[in-house]
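Colleague: Sharing a structure here in structure tokens format.
The values are calculated or read from the model by the stated rules, or taken from the named source; none is laboratory data. In this text the structure is predicted, and so the values were computed from the model without any measurement. Cβ placement follows ideal geometry from the backbone for every residue including glycine, while neighbour counts extend to all protein chains displayed. Heads up: the accessible areas ignore ligands, DNA and RNA and are worked out on the full protein's heavy atoms, side chains in. Shrake-Rupley method; radii C 1.70, N 1.55, O 1.52, S 1.80 Å.
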Amino acid sequence: MGLNLSIDTAVPASSAFGSGGAAKVQRPGNQALLEVRELTVSFPGEGGSRSNVVSGLNYRIEAGETLGVVGESGCGKTMTSLALMGLVPTAGNVSGQIMFGGRNLADQKDREWRRMRGRDAAMIFQEPMTAMNPVMTVGRQIAEVLIRHEGLSRRDAADRSVGLLEAVGIPSARRRADDYPHQLSGGMRQRAMIAMALACKPRLLVADEPTTALDVTIQAQILDLILELQEDTGMAVQFITHNLAVVSELAHHILVMYAGRGVEYAPAEKLFERPLHPYTRGLIATLPDPDRKVAKLPVIPGGLRSSRSPGCPFAGRCSLASDICRAAIPPMIEVEPGHHVACLKVSQ
Amino acid sequence: MLRYTLSRLSQAILVTFVMSFLLFMLIGLMPGDPLENMLEGNPSLTPELMAQMRELYGLDQSVFARYWNWLMAALSGDLGYSSLYFRPVTDVLFPAMLQTVKLMGLTLLVSVPLALLLGSLAARKPNGLIDSVVGVFSFASISLPNFWVSLLLIILFSVKLGWLPASGTPLSAAPSALEQMRHMVLPVAVLAMFHVGPLVRYVRASMIETLSADFVRTARAKGLGEGSVMVRHALRNALIPMVTVLALSFGSLFSGALVVETIFGMLGMGKMIYDAIGNIDFNLALVGLLLATIVTLLANLLADLAYALLDPRITL
Ligand SMILES: Nc1ncnc2c1ncn2[C@@H]1O[C@H](COP(=O)(O)OP(=O)(O)OP(=O)(O)O)[C@@H](O)[C@H]1O
Ligand code: SF4
Ligand SMILES: [Mg+2]
């Protein structure tokens, strides 16, 4: 599989990398590529109140590194990613800091978001069928990004799209570029989505459950593809999944979310060796044997509680819960270097 | 696509034949017969003479035989004589058709782009200011009777301000193109206003749905500007169901045209058919109704073809 994204065309190599020189975000040294501080996303709830879908989230991603974000359905993984891209639905309110390459994205203007999206940070989605425009050819949808951010002519952009499709392992790419999304298989569609996302060589790829909708064998291929492309391009990846087994394969750090909050955040090996939060422990304990890496997150008894009730959001389902747990929300505490956990029983 | 078109066309031709027979029968059920209507009250007409004329015109034959005669004549280009206008049917029909095509065509040129624009703007922020204004506008367009709107516009623009003529037909024998256009302004405005209301609602609903689609989010995630997100991605998809709506709106557009033609004194298809039926002009009514049938069939065929053109997932 040819994985060189800087396909040779009439276009000069520098623009193939999407680095418009000064146009790119400056990155002072010694800073993480992405640093999220106290990120909160709220929506208007019943009776005029606002409910937090994501509350006070903190994490960072170094350049070239992969962060795995895990948590059960509805815990706010997608909303966190949308906040990074400035794509939270208009009803939603985002607060906190999103430092990306030394700039706070949270107070960016729409125009700046548009210049950044698809160029500095790109996103791929769970369902590649609905995530692509059904009435536009695959090639055209990729070319669009190049025309937008690199000012290529239609022709050059079309040529580059074919190259990108080749790079993500789509056979007879030239023909495929003229296909509509429904003419591709699920796996091919997700490959095309990846080509679209990586067209301008972003420094951050946000992958929101990119393999969940795919067959088992295809899932593995897509994961491999993302890993290989990451090695080639040095991009950072925020990889969201239900599937702890999947992140164990590719993540350097793992953020476990529960009810819109981070409950444990640690380097991947540490988290698997010595999970501290009862929720994480539950997840890992019920992990199926390593050969069957495709299983979804196991079911832990109970359901998501409203994050607005006082105390630890996990208290209702936690076997260790006691009265102090219901008094205040446990803060995220660094219990050992790099290992953060939000549980009163652990930090005591 | 070609095969599909040909097969649909041959179906349409078949339906046209069947319809022509049904219409022939139905019109035959109208009270009176053509001779009586034409010669009514002529005292010198004896029953014997009448019977003789019946035989001469073939009116004593069975309905099948009469239909056959009409069909053969029609296929050879002879559509008969209009008892209302005392002219061959074709002489009445073609100017009326031209008039209606002009009226409806211009109306569509105004109402469709307007509906797309207003519907999309409204869909951007449901329940926002623009949406509310557009909502009131489309509500007015749907509920205000078009004859009343016509009269209102005539009073304002023709009587009070004197800017535009109150009739849809120029008086001079050879009017300039500009003069013709001036006469079309009010009729087209009224008909477009009548047509645009329901369309706006459909465009708005279709756009709201499309704007929440995943691929619109993808388009935004690519950093595309609001213009290309709205037009190239959202509207382009929202257009697909609009094709059917547009084809279905043809019937009401036609009946709206009838009212407008009547008020603005334009001899179009609607008014022609209406007068033909009211005055028991068999030949004219039959051909007029048949033509309306053919137009409907063609509109449906065009809608299906447009569907396939707009949506690559459909192959014909
Ligand atoms: N437009 C919205 N308005 C209000 N609440 C919303 C909106 N979209 C999502 N939510 C809520 O935000 C919460 C988090 O949703 P999110 O999609 O981020 O979860 P998720 O972790 O990605 O779940 P999944 O694994 O099912 O994709 C959910 O409880 C959901 O009900
Ligand atoms: S704080 Fe208490 S309830 Fe929450 S996870 Fe820790 S032990 Fe369980
Ligand atoms: Mg999600």
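Colleague: Go through (1) more than 30 Å from B:Thr169 (Cα to Cα); (2) β-branched (Val, Ile, Thr); (3) buried (at least 18 other Cβ atoms within 10 Å of the Cβ) and name the single condition B:Thr244 misses.
Modeller: Answer for B:Thr244: the failing condition is (3).
Colleague: Also: Any idea how many residues of the stretch A:71-95 are more than 16 Å from ligand 2 (Cβ to nearest atom) and either touching a helix residue (DSSP H, G or I) at 6+ places or on another chain (Cβ under 9 Å) or on the phi > 0 side of the Ramachandran plot (or both)?
Modeller: So the count comes out to 13.
Colleague: Of all residues in the stretch A:57-87, count the ones that are surrounded by 19 or more Cβ atoms within 10 Å (Cβ to Cβ) and away from ligand 3 (no atom under 13 Å from the Cβ).
Modeller: Matching residues across the stretch A:57-87 total 10.
Colleague: Filter the stretch A:160-183 down to the residues that are surrounded by fewer than 20 Cβ atoms within 10 Å (Cβ to Cβ) and either part of a loop (DSSP other than H, G, I, E, B) or touching a residue at least 12 places away in the same chain (Cβ under 8 Å) (or both) and list them by number. Let's see the steps before the verdict.
Modeller: Applying the first criterion (surrounded by fewer than 20 Cβ atoms within 10 Å (Cβ to Cβ)) to the stretch A:160-183 yields A:171-172, A:174-175, A:178-180, A:182-183.
Once the filter is applied, which keeps residues that are surrounded by fewer than 20 Cβ atoms within 10 Å (Cβ to Cβ) and either part of a loop (DSSP other than H, G, I, E, B) or touching a residue at least 12 places away in the same chain (Cβ under 8 Å) (or both), the stretch A:160-183 yields A:Pro171, A:Ser172, A:Arg174, A:Asp178, A:Asp179, A:Tyr180, A:His182.
Colleague: Within the group B:Ser120, B:Ser111, B:Ser141, which residue is modelled with pLDDT under 90, surrounded by 13 or more Cβ atoms within 10 Å (Cβ to Cβ) and of a type in the set (Ser, Thr, Tyr)? Walk me through how you get there before you give the answer.
Modeller: Working: B:Ser120 fails: modelled with pLDDT under 90; B:Ser111 fails: modelled with pLDDT under 90.
When all the criteria are applied, what remains is B:Ser141.
Matching residues to (1) hydrophobic (A, V, I, L, M, F, W, C); (2) farther than 18 Å from A:Phe125 by Cβ; (3) outside the structural domain of A:Arg60 (by TED's automatic domain parsing):
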{"residue": "A:Arg160", "(1), (2), (3)": "no, yes, yes"}
{"residue": "A:Gly169", "(1), (2), (3)": "no, yes, yes"}
{"residue": "A:Asp179", "(1), (2), (3)": "no, yes, yes"}
{"residue": "A:His182", "(1), (2), (3)": "no, no, yes"}
{"residue": "A:Gly186", "(1), (2), (3)": "no, no, yes"}
{"residue": "A:Gln190", "(1), (2), (3)": "no, no, yes"}
{"residue": "A:Met193", "(1), (2), (3)": "yes, no, yes"}
{"residue": "A:Val206", "(1), (2), (3)": "yes, no, no"}
{"residue": "A:Pro210", "(1), (2), (3)": "no, no, no"}
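Colleague: Tell me the residue from B:Leu302, B:Leu290, B:Leu297 that is free of Cβ contacts under 8 Å to residues at least 60 places away in the same chain, farther than 28 Å from B:Ser150 by Cα, outside the structural domain of B:Ser83 (by TED's automatic domain parsing) and part of a helix (DSSP H, G or I), please. Outline the logic, then answer.
Modeller: Details: B:Leu290 fails: free of Cβ contacts under 8 Å to residues at least 60 places away in the same chain; B:Leu297 fails: free of Cβ contacts under 8 Å to residues at least 60 places away in the same chain.
Answer to the check: B:Leu302.
Colleague: Just to be sure before I move on: is B:Ala65 in a helix (DSSP H, G or I), loosely packed, with under 12 Cβ neighbours inside 10 Å, at pLDDT 75 or above and not acidic (Asp, Glu) in the structure I sent? Walk me through how you get there before you give the answer.
Modeller: Numbers: in a helix (DSSP H, G or I): yes; loosely packed, with under 12 Cβ neighbours inside 10 Å: yes; at pLDDT 75 or above: yes; not acidic (Asp, Glu): yes.
Taking the combined requirement at face value, the residue satisfies it.
Colleague: Scan the stretch B:212-235 for residues that are outside any helix (DSSP H, G or I), free of Cβ contacts under 8 Å to residues at least 12 places away in the same chain and either at the interface with chain A (Cβ under 8 Å from one of its Cβ atoms) or in contact with a helix residue (DSSP H, G or I) (Cβ under 6 Å, 6 or more places away or on another chain) (or both) and jot them down. Break it down stepwise before answering.
Modeller: Step one: of the stretch B:212-235, the residues outside any helix (DSSP H, G or I) are B:212-213, B:222-225.
Remaining after also requiring free of Cβ contacts under 8 Å to residues at least 12 places away in the same chain: B:212, B:222-225.
Those that are outside any helix (DSSP H, G or I), free of Cβ contacts under 8 Å to residues at least 12 places away in the same chain and either at the interface with chain A (Cβ under 8 Å from one of its Cβ atoms) or in contact with a helix residue (DSSP H, G or I) (Cβ under 6 Å, 6 or more places away or on another chain) (or both): B:Lys222, B:Gly223, B:Leu224, B:Gly225.
Colleague: Another question about this same structure. Picking from A:Leu225, A:Leu229, A:Leu204, which residue would you name as being within 14 Å of chain B (Cβ to nearest Cβ), open to solvent by less than 30 Å² (accessible area, probe 1.4 Å) and away from ligand 3 (no atom under 16 Å from the Cβ)?
Modeller: Numbers: A:Leu225 fails: within 14 Å of chain B (Cβ to nearest Cβ); A:Leu229 fails: within 14 Å of chain B (Cβ to nearest Cβ).
Testing whether each residue is within 14 Å of chain B (Cβ to nearest Cβ), open to solvent by less than 30 Å² (accessible area, probe 1.4 Å) and away from ligand 3 (no atom under 16 Å from the Cβ) leaves just A:Leu204.
Colleague: What is the one condition in (1) within 14 Å of another protein chain (Cβ to nearest Cβ); (2) under 30 Å from B:Ala238 (Cα atoms) that A:Thr80 does not satisfy?
Modeller: Single failed check for A:Thr80: (1).
Colleague: What's the total number of residues in the stretch A:250-291 that are under 20 Å from A:Ala63 (Cα atoms) and either in a strand (DSSP E or B) or at pLDDT 90 or above (or both)? Show your work before the answer.
Modeller: Step one: list which residues in the stretch A:250-291 are under 20 Å from A:Ala63 (Cα atoms), which gives A:250-255, A:265-269.
Still in the list and also either in a strand (DSSP E or B) or at pLDDT 90 or above (or both): A:251-255, A:265-269.
Number satisfying all stated conditions: 10.
Colleague: What number goes with the only condition from (1) within 26 Å of A:Glu112 (Cβ to Cβ); (2) of a type in the set (A, V, I, L, M, F, W, C); (3) within 11 Å of chain B (Cβ to nearest Cβ); (4) touching an Asp or Glu at 6+ places or on another chain (Cβ under 9 Å) that A:Met129 does not pass?
Modeller: Among (1) within 26 Å of A:Glu112 (Cβ to Cβ); (2) of a type in the set (A, V, I, L, M, F, W, C); (3) within 11 Å of chain B (Cβ to nearest Cβ); (4) touching an Asp or Glu at 6+ places or on another chain (Cβ under 9 Å), the lone unmet condition for A:Met129 is (1).
Colleague: Quick one: in the stretch B:274-316, which of the residues that are within 14 Å of chain A (Cβ to nearest Cβ) and among the β-branched types (Val, Ile, Thr) is most open to solvent (accessible area, probe 1.4 Å)? Before the answer, list the steps.
Modeller: Of the stretch B:274-316, the ones within 14 Å of chain A (Cβ to nearest Cβ) are B:306-315.
Imposing the further condition that a residue be among the β-branched types (Val, Ile, Thr) reduces the set to B:314-315.
Working: B:Ile314: 59, B:Thr315: 121 Å².
It comes out as B:Thr315.
Colleague: Quick test for you: out of A:Asn93, A:Asn58, pick the one residue that is farther than 26 Å from A:Ala199 by Cβ, of a type in the set (S, T, N, Q) and within 16 Å of ligand 1 (Cβ to nearest atom). First the steps, then the outcome.
Modeller: Values: A:Asn58 fails: within 16 Å of ligand 1 (Cβ to nearest atom).
Checking each option against the conditions leaves just A:Asn93.
Colleague: Select from the stretch A:116-133 the residues that are free of Cβ contacts under 8 Å to residues at least 60 places away in the same chain and open to solvent by 10 Å² or more (accessible area, probe 1.4 Å) and list them in ascending order.
Modeller: So the first thing to find is which residues in the stretch A:116-133 are free of Cβ contacts under 8 Å to residues at least 60 places away in the same chain, and the list is A:117, A:130, A:133.
Selection gives A:Arg117, A:Thr130.
Colleague: With the requirement that a residue be assigned to a helix (DSSP H, G or I) and touching a residue at least 40 places away in the same chain (Cβ under 8 Å), what does the stretch A:84-105 give you? Step through it out loud before you land on a result.
Modeller: Let us first name the residues in the stretch A:84-105 that are assigned to a helix (DSSP H, G or I), namely A:84-85, A:105.
Listed by number, the residues that qualify are A:Leu84, A:Met85.
Colleague: Does A:Ser81 fit the bill of being under 26 Å from B:Arg124 (Cβ atoms), within 16 Å of ligand 1 (Cβ to nearest atom), part of a strand (DSSP E or B) and not assigned by TED's automatic domain parsing to the domain that holds A:Arg148?
Modeller: Details: under 26 Å from B:Arg124 (Cβ atoms): yes; within 16 Å of ligand 1 (Cβ to nearest atom): yes; part of a strand (DSSP E or B): no; not assigned by TED's automatic domain parsing to the domain that holds A:Arg148: yes.
In short, no.
Colleague: Just one of A:Arg140, A:Arg148 is more than 16 Å from ligand 3 (Cβ to nearest atom), open to solvent by 10 Å² or more (accessible area, probe 1.4 Å), within 13 Å of chain B (Cβ to nearest Cβ) and in contact with a Leu (Cβ under 7 Å, 6 or more places away or on another chain); which is it?
Modeller: Details: A:Arg140 fails: in contact with a Leu (Cβ under 7 Å, 6 or more places away or on another chain).
Answer to the check: A:Arg148.
Colleague: Could I ask something else about it? Going through B:Asp281, B:Asp304 one at a time, which residue ends up being at negative phi and in contact with a strand residue (DSSP E or B) (Cβ under 7 Å, 6 or more places away or on another chain)? I'd like the intermediate steps shown before the answer.
Modeller: Working: B:Asp304 fails: in contact with a strand residue (DSSP E or B) (Cβ under 7 Å, 6 or more places away or on another chain).
Going through B:Asp281, B:Asp304 in turn, the sole match is B:Asp281.
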